Structure formats: C-alpha cells, structure tokens
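The structure appears below as structure tokens.
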Amino acid sequence: MKVLFVGVRLFRDVAEYAGSTGVYRILTESNPRSKNWELADEVHFVPRGMEHPTRIARERRVDSVVPLIGVDDPLPEVGKMKEELEDEGIRVTASDRKGVEIGIDKVKAKRVFEELNVPTPEWEVVENERPSIGPPVVVKDPRSQAGLGVTVHETQKPRVAGCKLVEEFIEGAEVSIEVLSWDGEVVPLVPVFKGSTTDRRHPIDRMRMSPAPIDSSVERRIKRCAVRVVKRLGLEGSVDFDVVVRENEFWFLEFNPRPSGTRYMTSGCTGIWPLRELVDMATDRWRPPKVRKLWCAIECPVWRPTDKDTLREMFDGGVYHVFYEYYGRFDVGGRITVRGDSFKGAFTRLRLALKAAGADVKRAEREYRLRLREVEEYL
C-alpha cells in the first residue's frame with residue numbers, strides 16, 4: 001500500500017509505525033533543509049500549497065493521503081484536495097473544505113456552537129467601535145491562531161480597530177480534548193489541562209497535565225458536545241476542541257480541524273497515538289480505540305538544557321515518554337512528556353530527566369505547584 005504524507009514536521013511520529021505496517025511512505029515537503037525527511041521511502045520537495053501533493057498523489061497512484069498539517073493556513077487547500085482525490089477513490093484523512101472553513105473562522109464556529117446548544121461565552125462581532133459586552137473581554141481576529149493577536153481587557157471596554165470577535169472573558173481552567181473521526185465513527189479522547197485562563201504566558205512556556213482532573217459528569221458532557229459538533233459538520237481525521245472549565249460549568253471556545261498540539265499528552269495518558277490512528281484510517285485498518293486512562297502524564301518545557309542528547313537517549317516509550325525539540329524560543333530547548341501511575345510519580349520522573357539534562361529543575365517545580373493550585377481553585 002502506498003500512502004502520501006504531506007509535511008515533514010510531524011512525520012517522525014508516524015514514519016516507523018507506518019513502515020512497520022507495510023506502508024510504502026511517500027513524503028512531500030516544501031523545505032529542503034528540514035529534518036527527518038530521510039525516514040520516508042520516497043521524497044518530493046515541492047513548493048508550498050497542495051497543488052503539487054495532489055499531482056503527486058495522482059501520478060504515484062497512492063491509496064491514500066495523510067496531511068500532517070499543524071497550522072491553519074493550508075487547511076482550506078487540504079479540504080479542496082480531499083474533495084478532488086476522494087472523488088477519484090483516494091482517501092484523505094482530513095476534514096473537507098466546509099468543515100475547515102468553519103473551524104478556522106471563529107465567528108462561524110461560535111454560530112455552530114449556538115445552533116447545537118453547545119455552551120460558549122457571550123460574544124459579538126465589533127467593527128471600529130466599543131463592544132456592548134464586558135469587561136472583562138477577549139478581543140481576537142476571527143481567523144487568529146496559536147494565541148496571536150489575542151488581547152484581554154479586564155477593566156474597561158476597548159475601542160476595537162477593524163473587525164474583531166469580542167467575547168466574554170471567563171476565569172477558569174483551559175482544557176483541550178482531541179477527537180478522532182472516520183467512516184462515521186467518532187471517538188473523543190482525554191481532556192488535557194493546560195493552565196488557568198488568567199495565565200498570559202505563551203503555551204510553550206507552560207506545563208500541561210492529563211487527564212485533566214475534572215468531574216466525570218462534566219467530562220461526559222464535554223465529550224457529548226464535541227461529538228455533536230464533529231457529527232453535524234462531518235469532520236474527519238483529528239479535531240481539537242478548546243474549552244474553559246470552572247467547577248461544574250464549561251464553555252467551548254473554538255475547534256481546530258487538524259492534529260492537536262496536545263497529542264503527546266493523549267498518548268502519554270492512554271497509549272493511543274493520534275497520528276498513528278490517522279495512518280490506520282488511511283490504510284483501512286482503523287478500529288475505534290477504547291479510551292482508558294492508564295497513566296497520569298505531564299508535559300513540561302525544558303528550560304535552558306545543557307545536554308539534550310541525554311533526553312533523547314532516555315526515551316523508551318514508557319518512563320520517559322517522548323522528547324521533542326523546540327527551535328523558536330531562546331530559553332525553551334524543547335518539551336518532554338513523562339508519565340507515571342500518579343501525577344506525583346510522573347513529576348518525580350520528570351525532575352530526574354530535567355536534572356540529567358542540566359535543565360532548570362526549580363522552575364519546573366514552581367510550575368508544578370502552580371498547576372496543582374489551579375486544579376484546586378477551578379476543578
């Protein structure tokens with residue numbers, strides 16, 4: 001079986017697994033200086049966009065395509081590629097254009113939430129004036145991503161420049177949950193706790209914990225809402241939902257129709273690797289996994305490491321679950337996901353790993369105490 005993988009950044013997570021299942025791995029990538037492309041059986045360096053991957057899929061007569069896209073901008077093109085290739089009998093493990101356009105446009109997503117009676121903060125679209133709601137309010141571009149261009153105004157109503165989405169700011173716990181969907185089967189995975197909404201730091205600087213220690217009845221309601229959205233829009237592949245939780249209440253903020261940034265937390269907690277599930281979808285081997293919370297997982301920034309090689313050597317899929325490098329930030333050399341039978345056990349192992357790498361252990365200890373205080377306050 002031949003499978004085309006689009007994008008090398010996440011390819012390392014699936015390359016060995018796909019090969020072990022007998023897949024001939026064809027890869028397209030736009031950056032010839034990228035890493036891990038040598039893990040593929042066949043590589044094509046192409047310009048950005050989906051025009052050339054679509055052409056190569058046809059020319060190489062692949063059975064399916066797995067888009068390994070972790071950002072929003074290319075997704076409409078991915079949706080177009082899906083529609084074209086699936087008409088020709090080539091499976092594409094992603095959402096179509098309709099679902100993608102709703103997911104990357106936060107105003108359209110809000111309307112879907114309201115239509116489906118999914119709780120979401122009070123919101124309005126404001127253009128060159130002050131909002132009628134708040135304060136406190138959050139102001140964001142309707143197509144923003146990764147927290148870029150998002151501002152919180154706590155004490156007064158801001159005058160908005162241009163056309164923006166303004167929503168009520170809710171103090172609580174930030175939670176993400178990833179959902180797998182294929183052939184009409186929808187499986188919500190585990191909630192991941194990312195910290196308080198009052199923590200203004202970039203997510204790369206924060207510690208995460210899974211499963212998020214929320215009430216089981218609240219978790220079931222969140223999962224039901226996520227499944228409702230996925231089914232109504234016909235979303236496929238991997239979909240990530242961002243939710244604010246406070247005690248027995250929750251509010252959906254948005255959804256991202258692409259692989260989640262919390263995928264290592266999901267696999268660390270359950271043993272289910274979401275990207276490998278995409279490979280199974282592509283090869284007609286997918287069976288909806290049974291979600292069990294086997295471990296407690298912590299993902300932590302590796303601040304100022306002096307020995308990254310030690311962390312790579314420690315990776316064994318068990319005690320030290322995974323380490324990946326991060327190149328865009330001066331003091332964060334990467335993030336490590338560690339699991340244990342409890343959060344305390346996981347953090348003990350995390351501390352040992354950071355110490356071996358010469359990283360800032362004290363900072364990790366402060367972050368861990370902060371997460372526990374937030375759990376007690378909101379969850």
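The values are calculated or read from the model by the stated rules, or taken from the named source; none is laboratory data. The structure presented is a predicted model; accordingly, all values stated were derived computationally and were not measured. Virtual Cβ from ideal backbone geometry, glycine too; neighbours counted across all protein chains shown. Only protein heavy atoms, including side chains, enter the accessible area calculation; ligands, DNA and RNA are left aside. Shrake-Rupley method; radii C 1.70, N 1.55, O 1.52, S 1.80 Å.
In terms of Cα to Cα distance under 17 Å, which lysines are near enough to Lys290, apart from those fewer than 8 places away along the same chain?
Straight-line reach from Lys290, under 17 Å: Lys223.
Which aspartates and glutamates, if any, have their Cα less than 13 Å from the Cα of Lys164, not counting same-chain residues under 8 positions apart?
Cα-Cα hits under 13 Å: Asp105, Glu124, Glu127, Glu129, Asp141.
Quick one: which of 70-77, 41-48 comes out on top by average Cβ neighbours within 10 Å, and what's the full order, highest first?
Ranked by mean Cβ neighbours within 10 Å, highest first: 70-77, 41-48.
What Kirkwood hydrodynamic radius do you get for the range 196-264 when you take the inverse of the mean 1/r over all pairs of distinct Cα atoms, in Å?
Hydrodynamic radius (Kirkwood, Cα pairs) of the range 196-264 is 13.5 Å.
So what is the relative contact order of the range 38-91, in percent, for Cα pairs below 8 Å that sit 6 or more residues apart?
Result for the range 38-91 is 39 percent.
Starting with the highest mean, order 356-367, 298-309 by the number of other Cβ atoms within 10 Å, averaged over the residues of each peptide.
So the peptides 356-367, 298-309, ranked by packing, come out 298-309, 356-367.
Give a quick list of GluC sites (Glu not before Pro) in the range 123-226 that DSSP marks as loop, anything other than H, G, I, E or B, with at most 11 other Cβ atoms within 10 Å.
Glu129, Glu154
Report, to the nearest whole %, how much of the accessible area of the chain belongs to carbon and sulfur atoms, 1.4 Å probe, protein only.
46 percent
Accessible area per residue of the chain at 1.4 Å probe, in Å²?
44 Å²
Mind checking which aspartates and glutamates have their C-alpha under 18 Å from Lys362, skipping anything on the same chain fewer than 8 residues away?
Once the sequence-local aspartates and glutamates are set aside, what remains near Lys362 is Asp205, Glu299, Asp307, Asp331.
Set the bar at 29 Å for Cα to Cα. Now go through Lys82/Lys293; Lys194/Lys355; Lys2/Lys293; Lys35/Lys140; Lys106/Lys231; Lys80/Lys106 and name every pair that lies beyond it.
Distance filter (> 29 Å) returns Lys82/Lys293; Lys2/Lys293; Lys35/Lys140.
By its C-alpha gyration tensor, with a ≥ b ≥ c as the square roots of the eigenvalues, how is the chain shaped: rounded for a/c under 1.5, else prolate for a/b larger than b/c, else oblate?
oblate
Less than 11 Å Cβ to Cβ from Gly184, Lys/Arg counted +1 and Asp/Glu -1: what total charge do the surrounding residues give?
Summing Lys/Arg as +1 and Asp/Glu as -1 gives -2.
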